[in-house]
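A.B. asks: Handing you a structure now.
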Amino acid sequence: MEFSFPAIGITHSCFKEKFGIPRQPGLAPLARAEIELIPPYNERSAFDGLEGCTHLWIHFVFHANKYANKSDEWKAKVKPPRLGGNKTLGVFATRSPTRPAPIGLSVVRFEGISEREGKLFVQISGVDLLDGTPILDIKPYVPYVDCVLEAENSFAAAAPELIPVDIPAPLMAICVGYWKRTGTDLAGLITQILQQDPRPQYQQPDSERIYGMKLLDLDVRWRYFTASEGYRIQVTELIT
């Protein structure tokens, strides 16, 4: 049995590539995106009442997953990053993008509706969405049913430990200038993302290796180093 669904919108996100995107929504509250509604779904009245909500459920397509259009190549077992990339779990016990139907589900903060040049946008934050992600649906988050206080997940019982992030003074000056130009807290955003440790978990931190990701209109580069309290991350370059 197969179904087809229309995309109601396209995501314009601060994340320009898959590497570095937080592995769950809400881990980087400063990570923002906007959903551009596609006609005929760009009708303002379709969002009447949404202003009473603080959070939304976003249904989307893992469009950059290499298996996204190959349902015959789905895998029953996957290697979640949280397990170091060398242990497997059943795909339906994980949130892996490699699934029979490559559909994602994220809770994000609703920041409002905006209109520009005849286009309608839904503003959201705390996102884990890649730029260009097709959106299938938007639903309001309902706290009294969606927040299950007694819920358990032994595989992911607590958030991963955060890694301290150092931004040297010359790069912090660039962040300050960026904030003055755009209103974006670049230093805060970089810190929230990198402290989640984007490194593939099967790789041991190597102080000689430079990692990088595309964020907003920048290339952010960093390295790991060992301190008395454990590993730290140091931002090494911000390239425009």
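A.B. asks: Quick one: what pairs do we get from the stretch 202-214, first residue not assigned by TED's automatic domain parsing to the domain that holds Gly132, second loosely packed, with under 15 Cβ neighbours inside 10 Å and modelled with pLDDT under 80, C-beta under 8 Å, 6+ apart or different chains?
C.D. replies: Sorted first by the residue in the stretch 202-214, then by its partner, the pairs are Tyr202/Gly84; Tyr202/Gly85; Tyr202/Asn86.
Condition check ((1) within 18 Å of Thr184 (Cα to Cα); (2) in contact (Cβ under 8 Å) with a residue 60 or more places away in the chain; (3) touching a strand residue (DSSP E or B) at 6+ places or on another chain (Cβ under 8 Å); (4) not hydrophobic (A, V, I, L, M, F, W, C)) across all residues:
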| residue | (1), (2), (3), (4) |
| --- | --- |
| Met1 | no, no, no, no |
| Phe19 | no, yes, yes, no |
| Ala31 | yes, yes, yes, no |
| Ser45 | no, no, no, yes |
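A.B. asks: Hey, does the stretch 193-214 have a residue that's crowded, with 18+ Cβ neighbours inside 10 Å and part of a strand (DSSP E or B)?
C.D. replies: Checked against the condition, which is being crowded, with 18+ Cβ neighbours inside 10 Å and part of a strand (DSSP E or B), the stretch 193-214 yields at least one hit.
A.B. asks: Taking Gly85 as meeting all but one of (1) at pLDDT below 95; (2) over 30 Å from Ala158 (Cβ atoms); (3) in a loop (DSSP other than H, G, I, E, B), write down the number of the exception.
C.D. replies: Every listed condition holds for Gly85 apart from (2).
A.B. asks: So Asp219 ticks every box in (1) of a type outside the set (A, V, I, L, M, F, W, C); (2) assigned to a loop (DSSP other than H, G, I, E, B); (3) closer than 16 Å to Ala31 by Cα; (4) touching a Gly at 6+ places or on another chain (Cβ under 8 Å) but one. Which box is left unticked?
C.D. replies: Asp219 satisfies all of (1) of a type outside the set (A, V, I, L, M, F, W, C); (2) assigned to a loop (DSSP other than H, G, I, E, B); (3) closer than 16 Å to Ala31 by Cα; (4) touching a Gly at 6+ places or on another chain (Cβ under 8 Å) except (2).
A.B. asks: Okay, next question. State whether the residues of the stretch 114-123 include one that is touching a helix residue (DSSP H, G or I) at 6+ places or on another chain (Cβ under 8 Å), surrounded by 13 or more Cβ atoms within 10 Å (Cβ to Cβ) and among the aliphatic types (A, V, I, L, M).
C.D. replies: yes
A.B. asks: Among the residues of the stretch 20-45, which ones are of a type outside the set (A, V, I, L, M) and either closer than 16 Å to Val108 by Cα or under 10 Å from the mean Cα position of the chain (by Cα) (or both)?
C.D. replies: Of everything in the stretch 20-45, those that are of a type outside the set (A, V, I, L, M) and either closer than 16 Å to Val108 by Cα or under 10 Å from the mean Cα position of the chain (by Cα) (or both) turn out to be Gly20, Pro22, Arg23, Gln24, Pro25, Gly26, Pro29, Arg32, Glu34, Glu36.
A.B. asks: If only one of Pro80, Pro97 is surrounded by 14 or more Cβ atoms within 10 Å (Cβ to Cβ) and under 14 Å from the mean Cα position of the chain (by Cα), which one is it?
C.D. replies: Among Pro80, Pro97, only Pro97 is surrounded by 14 or more Cβ atoms within 10 Å (Cβ to Cβ) and under 14 Å from the mean Cα position of the chain (by Cα).
A.B. asks: Can you tell me how many residues within the stretch 133-163 are loosely packed, with under 10 Cβ neighbours inside 10 Å and of a type in the set (A, V, I, L, M)?
C.D. replies: 6
A.B. asks: I would also like to ask the following. In the stretch 188-202, what residues are modelled with pLDDT under 95 and within 18 Å of Pro22 (Cβ to Cβ)?
C.D. replies: Once the filter is applied, which keeps residues that are modelled with pLDDT under 95 and within 18 Å of Pro22 (Cβ to Cβ), the stretch 188-202 yields Gln196, Asp197, Pro198, Arg199, Pro200, Gln201.
A.B. asks: Continuing with the same structure: Since Ile21 meets every condition but one in (1) more than 19 Å from Pro160 (Cβ to Cβ); (2) of a type in the set (Val, Ile, Thr); (3) modelled with pLDDT of 90 or more; (4) surrounded by 15 or more Cβ atoms within 10 Å (Cβ to Cβ), which condition does it not meet?
C.D. replies: Answer for Ile21: the failing condition is (1).
A.B. asks: Inside the stretch 118-168, can you point out the residues that are free of Cβ contacts under 8 Å to residues at least 60 places away in the same chain and of a type in the set (A, V, I, L, M)?
C.D. replies: Hits for the stretch 118-168 are Val142, Val145, Val148, Leu149, Ala151, Ala157, Ala158, Leu162.
The values are calculated or read from the model by the stated rules, or taken from the named source; none is laboratory data. If you're wondering where the values come from, they're calculated on a predicted model, not measured in any experiment. Positions of Cβ are generated from backbone atoms using ideal geometry, with glycine treated the same way; all protein chains shown enter the neighbour counts.
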